[in-house]
Amino acid sequence: MARSNKPIVWGLFAGGGTVTAFLSPVLVLVLGLAVPFGLYSAEDLSYDRVMAVIGNPLGALVLFGFITLALWHAAHRTRTTVHDLGIHNDAMTAKVCYGLAALGTLAAAVALVQVAF
């Protein structure tokens, strides 16, 4: 019986959907709405403070997890959408979508390692 990579893909898809669904509204609230409504001052979200959070290895790891899972969720969602639109070359679609997610994951890792370490 042939082994499948579906559990890995579905795990990344489900994890990405869950993390994105829970963290994206929080990020919009904190970064987009909290300052105008006076919950935070603009100094609390200054460049230096944000870089201090990202510069911490734990902060960089959390941000890496969020970016990576969101990319893999988007890749799988794009793959199924392309199939639903009538493009049935699934092997090529999978290579492009997951290849872009892998490149994005690598780029996030490189950028965060440069900042955090």
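No value in this document is a laboratory result; all are computed from the given coordinates. Since we're looking at a predicted model, the values are computed, not measured. No Cβ is skipped: glycine too gets one built from the backbone with ideal geometry, and neighbour counts run over all protein chains shown.
Values as computed for the structure displayed
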quantity	calculated
Looking only at the range 1-56, and only at residues there that are among the charged types (D, E, K, R) and outside any loop (DSSP other than H, G, I, E, B), the one that is farthest from residue 76 (Cα to Cα)	43
Some residue of the range 48-62 being free of Cβ contacts under 8 Å to residues at least 12 places away in the same chain and of a type in the set (Gly, Ala, Ser)	yes
Selected residue (only one of 111, 102, 116 is in contact (Cβ under 8 Å) with a residue 40 or more places away in the chain and either closer than 19 Å to residue 53 by Cα or out of contact with any helix residue (DSSP H, G or I) (no Cβ under 7 Å at 6 or more places or on another chain) (or both))	116
Residue 67 under 21 Å from residue 111 (Cα atoms) and touching a residue at least 60 places away in the same chain (Cβ under 8 Å)	no
Tally of residues being over 18 Å from residue 64 (Cβ atoms) and of a type in the set (Ser, Thr, Tyr) across the range 14-53	4
Residue in the range 25-43 that is farther than 30 Å from residue 95 by Cα and touching a Phe, Trp or Tyr at 6+ places or on another chain (Cβ under 8 Å) present	yes
Lone unmet requirement of (1) surrounded by fewer than 14 Cβ atoms within 10 Å (Cβ to Cβ); (2) under 23 Å from residue 116 (Cβ atoms); (3) not hydroxyl-bearing (Ser, Thr, Tyr) for residue 30	(1)
Residue in the range 82-90 that is hydrophobic (A, V, I, L, M, F, W, C), under 28 Å from residue 116 (Cα atoms) and exposed (fewer than 12 other Cβ atoms within 10 Å of the Cβ) present	no
In the range 82-95, the residues that are in a helix (DSSP H, G or I) and more than 12 Å from residue 72 (Cα to Cα)	82, 83, 84, 90, 91, 92, 93, 95
